[in-house]
Each structure stands twice: as structure tokens, then as C-alpha cells.
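Contents: one structure, followed by commentary.
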Amino acid sequence: MLSSIDIRTLRQQTYKAIKDQILKNELLPGHNITIRKLAADLGISETPVREALVMLKAEGLVDYEPHKKPQIANITEEEVRQVYEVRKMIEPYAAGLVIEALSKTPQLKEMLQKVDELVKKVIQTPADAFDHDKYVEVDSKLNELFLQVTENKLFREVFALVSSRSMRIRTFVEATSKARPNHMMHAITQEHRAIIQAMLQEDVDEAQKRVRQHLLNAEFRTLQEMMRYKGNP
């Protein structure tokens, strides 16, 4: 019994380790996976790697067919559009939930104010000296706030799934961008500031409008960068 529990735990840890590399684009789309090398890198046998790849195939992150070398699934324009379509449905709603919770939860307003202070510091940094870690921290903290204000388990699961897919797309663009990624991330941070300010002012309509505009801009930027990556002007 103990050994079977250990096997399941190892498989899950292997799945999480590989998925993390995919979502952060440490394994880029189209990358061929050598199971033996990946197992050696992780310091484990090949069996949990194979099992993890089957799980990742089910999530659309890996192409894994019998008698063929597994490969990291490509990010398609259609996938980008689908992710942003869902984000445009759920994130304005989440922003409204944050505003609804602000008057009831003083600690939440303090947290949002701290994020706002962090955003200001990022914006005040010149684009050519952009602090990428703080940029990622802002994005992460906004996601945490959106998740914190609802007890709806299904909403949280959907939000988390879409966020992970979105992170893969975002980090892919950052990793492959040929168009001054620091300036792009600086613009994104300014859009985040506008959203945060609207939420702090408890203006639901303005906050939701800012979220939708940010997502429209992000979708456009992402598709443009994907075209450049493929060699199109």
C-alpha cells in the first residue's frame, strides 16, 4: 500500500514539474521531448515521466502518440483567441467581486493598496531598466485577489485553469518577443494600474471597462508577437 502511494505521489510531482516548465516556456512549443533525458534531468525513472506526459496530453499541453517522439504542443492563434474569450467573460466579473468585497473586508483594501504601491514603483522604473520580477509579482497578486473574493469552487477552478493557460501564452510572448519586451511589459503594468485605481475608487463600470480594454490590448499584442515569431511582418 505504501509503495503505491509513493508511486502516485511521484507521478503527480513529475506531472507538476514538467507542467511548470511548459507553462513558464522553459520547454518551448514544438520542443521534442526525449523521455530518457527528461527522466535523468529530474533524477527519476522513465515510467513516471511517461505517465505524466499522458496526463499533460489530456490537458492539450503535450502531443504524445504511440511510436512517435513526444512534443510540447504548439500555441495556436485559435488557442490564444479562446483563452482571451474566456478571460473577457470571467475577469470583469472578478473585478466586480473585488469591489463588492472591499467595503466588507478592510484587509482586502489594504492588500489592494499595497499592490498599487508596487505597481507605482514598477511604472516609475525606466523601461530599459524594467524589473521583470516585480512585474510578475503584480500580475500574480491581482490573480490572488480575484480568487480570494469568491467561495464558488467551480469559478475558482475555471479561473485557475484559464490563468495557467494564459501564463503559458504570456511567458511565450515574453520569451520570444522581438519587439522590446520591456516596453511592452511597462505598458501592461500601466494598464494594471488603471484597473487597480478603478477598483480602489469602487467604480464597477470603470473597473470592468478597464479590464476588458486590457484584455483586448493583450490579445492584440499576443497575436502580433506570434506573427513576428513565425516570420511575418
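The values are calculated or read from the model by the stated rules, or taken from the named source; none is laboratory data. Computed from a predicted model, the values in this text were never measured in an experiment. Note: ideal-geometry Cβ built from the backbone for every residue, glycine included; neighbour counts use all protein chains shown.
Going through Leu108, Leu42, Leu38 one at a time, which residue ends up being in the same structural domain as Glu151 (by TED's automatic domain parsing) and of a type outside the set (S, T, N, Q)?
On the way: Leu42 fails: in the same structural domain as Glu151 (by TED's automatic domain parsing); Leu38 fails: in the same structural domain as Glu151 (by TED's automatic domain parsing).
Criteria check complete, one pass: Leu108.
Each row is one residue, and each column tells you yes or no for (1) assigned to a helix (DSSP H, G or I); (2) surrounded by fewer than 13 Cβ atoms within 10 Å (Cβ to Cβ); (3) in contact (Cβ under 8 Å) with a residue 24 or more places away in the chain; (4) not hydrophobic (A, V, I, L, M, F, W, C).
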{"site": "His67", "(1), (2), (3), (4)": "no, yes, no, yes"}
{"site": "Glu79", "(1), (2), (3), (4)": "yes, no, yes, yes"}
{"site": "Gln82", "(1), (2), (3), (4)": "yes, no, no, yes"}
{"site": "Glu110", "(1), (2), (3), (4)": "yes, yes, no, yes"}
{"site": "Asp133", "(1), (2), (3), (4)": "yes, yes, no, yes"}
{"site": "Lys141", "(1), (2), (3), (4)": "yes, no, yes, yes"}
{"site": "Glu144", "(1), (2), (3), (4)": "yes, yes, no, yes"}
{"site": "Ser164", "(1), (2), (3), (4)": "yes, no, yes, yes"}
{"site": "Met167", "(1), (2), (3), (4)": "yes, no, yes, no"}
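Within segment 112-128, the set of residues being surrounded by 12 or more Cβ atoms within 10 Å (Cβ to Cβ) and within 29 Å of Arg228 (Cβ to Cβ) comprises Val119, Val122, Ile123, Thr125, Ala127. Criterion applied to Ile44, Ile75 was being over 18 Å from Ser163 (Cα atoms), outside any helix (DSSP H, G or I) and of a type in the set (A, V, I, L, M, F, W, C), and the one residue passing it is Ile44.
Taking the criterion of being surrounded by 13 or more Cβ atoms within 10 Å (Cβ to Cβ) and in contact with a Leu (Cβ under 8 Å, 6 or more places away or on another chain), the residues of segment 146-162 that qualify are Phe146, Gln148, Val149, Thr150, Arg156, Phe159.
Which of the residues that make up segment 203-221 are among the β-branched types (Val, Ile, Thr) and either exposed (fewer than 15 other Cβ atoms within 10 Å of the Cβ) or closer than 16 Å to Asp139 by Cα (or both)? If you could, list the steps in order and put the result at the bottom.
Start the filter on segment 203-221 by keeping residues that are among the β-branched types (Val, Ile, Thr), which leaves 204, 211.
Answer for segment 203-221, where residues must be among the β-branched types (Val, Ile, Thr) and either exposed (fewer than 15 other Cβ atoms within 10 Å of the Cβ) or closer than 16 Å to Asp139 by Cα (or both): just Val211.
What residue, of Thr171, Thr222, is closer than 24 Å to Glu77 by Cα, part of a helix (DSSP H, G or I) and at pLDDT below 85?
Working: Thr222 fails: at pLDDT below 85.
Among Thr171, Thr222, only Thr171 is closer than 24 Å to Glu77 by Cα, part of a helix (DSSP H, G or I) and at pLDDT below 85.
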